[in-house]
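Written below as C-alpha cells is the structure these notes are about.
The values are calculated or read from the model by the stated rules, or taken from the named source; none is laboratory data. Bear in mind that the values here come from a model prediction, so they are computed numbers and not experimental data. Heads up, the Cβs are rebuilt from the backbone with ideal geometry, glycines too, and the neighbour counts pull from every protein chain shown. Surface accessibility is based on the protein's heavy atoms, side chains included, excluding ligands, DNA and RNA. Shrake-Rupley method; radii C 1.70, N 1.55, O 1.52, S 1.80 Å.
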Amino acid sequence: WAQTIDTARAGPANRLVGLWHVTASIGPCMGGPKQTFLALANYHAGGTMSDANTMPPAARGPGAGIWAYKGNGQYNSRFQFFRYQPTGSYDGLQDITGSLTLDAAGTHYVQTIHAQALNADGSLRVDLCGSATADRISLP
C-alpha cells in the first residue's frame, strides 16, 4: 500500500492532523460478538499516525501507521501493532485499514474498519470488521 502526498491538497488534507478521542467497535467479519474500546489516534502532518487504546498494555505494542487524503473530507489509513501473549512472547501482528469521513467543521469523523490478526508466522488468524467514531481533542 504505497502512500503519495498530493501537495496541491496539503491544506485540506491536514484538517485531519491532531489528536482524536476514538470509540471503536470491532468483531469477526463473519459474525459474532463485537468488542468496544476507547483509543487515542494522533494524525501527524505529512501522512503518519500513532495510536494507543484501552487494551491491556502487555497485550500489544505501540501502533504506527500512515494516512492519505482522498478528497472531499475522505481519508484512508493503515496502521499496525505487535501483539503479545500474557507471558510476554510475540503473538503476531495486527494490520488495520480504515476509511474515514471528516465532518465539515473538522471536529468529528466516522470510520469503517477492517483488521487482520496475523499469527507469529504471518498466517491469517481472523478477519475483523467494525466501525469507529472520533472527536477532536482541543485546548479549552
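Brief remarks follow.
- Sequence-distant contacts, meaning Cα pairs under 8 Å at least 6 residues apart, place the relative contact order of region 93-140 at 35 percent.
- For the peptides 77-83, 114-120, residues were scored by their other Cβ atoms within 10 Å and the scores averaged per peptide; the highest-first order is 77-83, 114-120.
- Note on the chain: GNM, Cα springs under 10 Å; of 124, 16, 100, the largest mean-square fluctuation is that of 124.
- Amide H partners (placed H, <5 Å) of residue 91, local residues excluded: 83, 84, 85
- Over the C-alpha trace of the chain, radius of gyration and Dmax come out as 15.3, 49 angstrom.
- Approximating the spin labels as points 7 Å out from Cα along Cα→Cβ, the residue 36-to-residue 82 distance works out to 3.3 nm.
- Contact order, relative form, for the chain: 22 percent (alpha carbon pairs under 8 Å, 6 or more residues apart, mean separation divided by residue count).
- Contour minus Cα-Cα distance for residue 124 and residue 14 (0.36 nm per residue): 36.2 nm
- Placing +1 on the Cβ of every Lys and Arg and -1 on the Cβ of every Asp and Glu, with no other charges, gives the chain a dipole of roughly 140 debye about its Cα centre.
- Percent accessible area from carbon and sulfur atoms, the chain, protein chains only, probe 1.4 Å: 61 percent
- The chain: calculated mean residue ellipticity at 222 nm from DSSP helix runs of at least 4, using -39500 (n - 2.57): -500 deg cm²/dmol
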